[in-house]
1. How large is Rg over Rh for region 282-405, taking Rg from the Cα atoms and Rh as the Kirkwood inverse mean of 1/r across Cα pairs?
2. Quote the charge dipole size of region 216-282 about the Cα centre in Debye, to the nearest 20; the model charges only the Cβ of Lys and Arg (+1) and of Asp and Glu (-1).
3. Expressed as a whole percentage, what fraction of the accessible surface of region 235-357 belongs to carbon and sulfur atoms when a 1.4 Å probe is rolled over the protein heavy atoms?
4. Subtract the Cα-Cα distance of residue 242 and residue 359 from 0.36 nm times their separation in residues, and report this length gain in nm to one decimal.
5. Which order do the peptides 128-140, 329-341 come out in when sorted by mean C-beta neighbours inside 10 angstrom, highest first?
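The values are calculated or read from the model by the stated rules, or taken from the named source; none is laboratory data. Worth saying up front: this structure is predicted, and the values here are computed from it rather than measured. With ideal geometry, Cβ positions are generated from the backbone for all residues, glycine too; neighbour counts draw on all protein chains shown. These accessible areas exclude ligands, DNA and RNA; they are computed on the full protein's heavy atoms, side chains included. Shrake-Rupley method; radii C 1.70, N 1.55, O 1.52, S 1.80 Å.
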Amino acid sequence: MEIHNIYTLMESRKRRKVRCYSTFLALAVVIVAILAFAGMMLTESHTPELTLKPLAPRGRFAGKCSSRRTLKTKMRVADAKEPWQRQADKLIDIDATSEERIAAVRNLIEQREAIEKDFTSAAQALVRDRDVASAKDILYPTGTEARRQIDALDKVLKQLQEDILPEISRASRSQGNYTISYLRKLLQNPQELQSLLQKNPNFQVNATDVLNQLRAEFSELSQHPEDVQKRINSYIDESKNIFRRTPANLEMPTFTVTYVGNGYEVRQYEPYSIISTPTRTQAVASSNPTAATRANAKAFNTLASYLFGKNEAKKSMEMTAPVEMTVDEEGTKNMAFVLPSEFAQNTPQPAEGDDITVQALPTQTVAVLEFPGFATEKEIKKQKDVLIKAIAADGDFKPVDETSYKVLQWNPPYTLPWLRRNEICIKVVPDIKEAAVPVDSEAVAVEAVVTEELPDEIQEEP
């Protein structure tokens, strides 16, 4: 009876998943139809020159990667022979221009027979065979942006179910004071709420400093009205980071991809400088995630304040990416920001009392595995184990120290979870295996023959 109940539950979940993908499939058909209709309204005489970002190189070797310079190549409108899924990817690219979107719609219209065939095959696999994996492979082949986002969404939902929600439940049980009734009581008692805020440094806000900063910004804009539009454009561009896997217009370290393995890549970083501060949460992270979150928030605010002018030179600097979380062989955990390159040689000293260290990092070679979602302690450990196993399976590199690693977090907090770019990094060196000394079989055979022909008395001589 128990086995029957388990089977019934599994079948119910499978049917719900099939219905979910059926709905998604229907929505995809509607979207493609709308875009096709829009494309039919366009004139065919306009064939613009487009600025397209080149695809990242794959294989064993690849070129330099950095946000300090954006490589753009003048190309003609994409060839209609390119798979229609690649054209559809341009429609979900937040940075695609209107000309690129128009060209993509035209090419989708030209390939409408292939689209119809693929949608029919996917519907048959989904409805008749209940084969969700095959339907995904037909509509969203591996390597397309749509497939990457769908797989990332599945991973985030799994992480929520297996990691985030259970952790929240445990935290709520261990901190029983923070219930709905307690929050209502705080709102009805301003004195108790004020007392709680004063005890928690993360909630302390100096209203005077905020008002003075706003007043200074408005005064600057009133003196330079031409900067208003630039500021507006900057805010609009920054808001697009909600949908970007990698944020735009931020300085990042320069690296070269030297090797592409099974699900990971090996990078060689050029020297760069960082500012770091300890979070001191490694010992309590697993037992008290709330304390770890508060410590990380405090470390982030400390480093951000340094960049925004709280340093001995009162120098304000631009934000950089990514945020680095490092754990050494002793378990010491630090958070670090990349220092803007213009301040690498003449670095302002941290303000007195701030536990900030300035460090110049040499050239380093690291293996990097990317994962979406939230960089929780459980997820970090899981991805580190996956990376170590992948490195060992390929056999071309080996970790310098498996207990030391770095987590790179590229996105602002408001980026959609399944679009977030997290990376686990481990220092590696080439795994040079010693070659076995070859045995000369002919020499061994000759020696055996000579030994047999010698008289017994000579063979016994030492």
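1. Here the Rg-to-Rh quotient is 1.00.
2. Numbers: 7 positive and 9 negative charges, 79 e Å.
Approximately 380 debye in magnitude.
3. On the way: 2880 of 6040 Å².
Percent of accessible area from carbon and sulfur atoms in region 235-357: 48.
4. Numbers: separation 117, 0.36 × 117 = 42.12 nm, distance 3.10 nm.
The residue 242-residue 359 span can extend by a further 39.0 nm.
5. Final packing ranking: 329-341, 128-140.
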